[in-house]
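The values are calculated or read from the model by the stated rules, or taken from the named source; none is laboratory data. What you are looking at is a predicted structure, and each value in this text was computed from that prediction instead of being measured. Here the Cβ is made from the backbone with ideal geometry for all residues, glycine too, and neighbour counts use every protein chain on show. Surface areas here come from the heavy atoms of the whole protein model, side chains and all, with no ligands, DNA or RNA. Shrake-Rupley method; radii C 1.70, N 1.55, O 1.52, S 1.80 Å.
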Amino acid sequence: MEQFDTYLYELIAKNLSGQCTEAESAALQQWLEASPGNRAEYETLAKLWRDSNAAAVPQRQYNTAAAWDKASQAIQPPASRVKTLYTKYAAAAAILVLLTAGAWWLETRSSLKKHELAANDGKIKSLELPDKSMVTLRQGATIRYINGYRHNQRIVELEGEAFFEVASDPGHPFLVKTPNQSVIEVLGTSFTVQTGKDSTAVTVASGSVKLGIEGDTATVILHSGQRGIWGNGLLLANNNHNLNFIAWKTGILQFNDQTLLEILPQLADFYAKDIRVDEKYRETASQQKATITFRNQSCDDVLHELQLLLGFHYQQEGDSIVISQ
């Protein structure tokens with residue numbers, strides 16, 4: 001840290017106080033790995049931070065003089081090395097003061113505190129964000145957000161699948177960030193985001209969104225009725241033909257002249273079950289079609305209705321449901 005970078009101060013302060021986002025942690029890690037000197041400098045500052053104990057003052061008070069005194073005591077070098085180390089470690093002490101003050105500021109700024117909601121109890125969860133946008137989390141999804149703006153943007157982080165109804169605010173773009181570094185930017189619209197380890201799918205119900213990759217200029221604009229996918233380094237946009245892209249939210253499954261082979265994967269996704277077709281029955285299943293709607297029905301009820309309509313047999317085999325003649 002030969003040249004002092006305010007952004008690095010912020011990253012280090014947020015990291016030491018547990019405030020870093022995934023993207024900020026990645027940026028700090030990249031700097032640490034750039035040279036052994038960077039890591040050594042960080043360790044020095046981290047030790048000064050721990051020794052000062054200024055970041056954990058219960059009364060949320062910050063005493064600059066005390067922090068400086070503790071820093072000065074912690075970094076006294078041998079007399080023979082004063083001239084060569086004075087500048088470096090005096091700067092480190094100054095950074096300590098900045099970091100402890102920064103952590104206190106971050107801690108007391110309620111608008112920067114990160115909130116988290118997880119739908120990890122097998123149920124869909126709904127949330128109104130501070131800007132009045134509405135989010136519905138599918139089972140297993142997690143969202144993180146702050147109360148205020150970050151660089152004049154409304155930023156949330158999503159893992160899993162969610163449906164967004166974004167409040168219009170052209171002066172503050174709404175961004176959804178995912179673990180795989182894809183970014184969805186909107187002004188006012190409704191859409192679903194489905195994140196995976198190496199891909200992201202966005203389906204737009206109304207308005208328009210921009211799908212891209214963090215740190216990359218490549219983007220694709222998606223309009224109402226379109227679906228965009230990022231994966232394997234590619235950005236694709238197509239018309240959405242899946243009537244059931246928000247069935248997990250509405251509880252309604254609709255099939256319009258679709259084959260049994262097309263219907264079953266959607267049932268498997270909706271009910272989170274393994275449904276497979278016996279190889280001897282696949283050709284027949286590819287020709288059987290149905291136009292039918294199901295509303296808040298169990299998997300067994302749906303399969304039974306399809307069985308009566310199309311004439312197949314199904315049974316439970318271990319953790320799988322097998323469709324056969």
Checklist entry - Do we have GLU214 as touching a strand residue (DSSP E or B) at 6+ places or on another chain (Cβ under 7 Å), open to solvent by 40 Å² or more (accessible area, probe 1.4 Å), under 23 Å from ARG295 (Cα atoms) and not aliphatic (A, V, I, L, M) here? => result no
Checklist entry - Right, GLY233: among the small types (Gly, Ala, Ser), open to solvent by 20 Å² or more (accessible area, probe 1.4 Å) and without any contact (Cβ under 8 Å) to a residue 12 or more places away in the chain or not? => result yes
Checklist entry - Only one of ALA272, ALA268, ALA247 is of a type in the set (Gly, Ala, Ser) and either more than 19 Å from THR195 (Cα to Cα) or open to solvent by 30 Å² or more (accessible area, probe 1.4 Å) (or both); which? => result ALA272
Checklist entry - Which pairs do you get when a residue that is buried (at least 16 other Cβ atoms within 10 Å of the Cβ) and at pLDDT below 95, found in region 281-305, comes within reach of a residue that is among the small types (Gly, Ala, Ser) and part of a strand (DSSP E or B), reach meaning Cβ atoms under 9 angstrom, with the pair 6+ apart or on two chains? => result TYR281/SER324
Checklist entry - Identify, please: which residue in region 254-265 is within 33 Å of the chain's Cα centre (by Cα) and not aliphatic (A, V, I, L, M) and is, among those, least open to solvent (accessible area, probe 1.4 Å)? => result PHE255
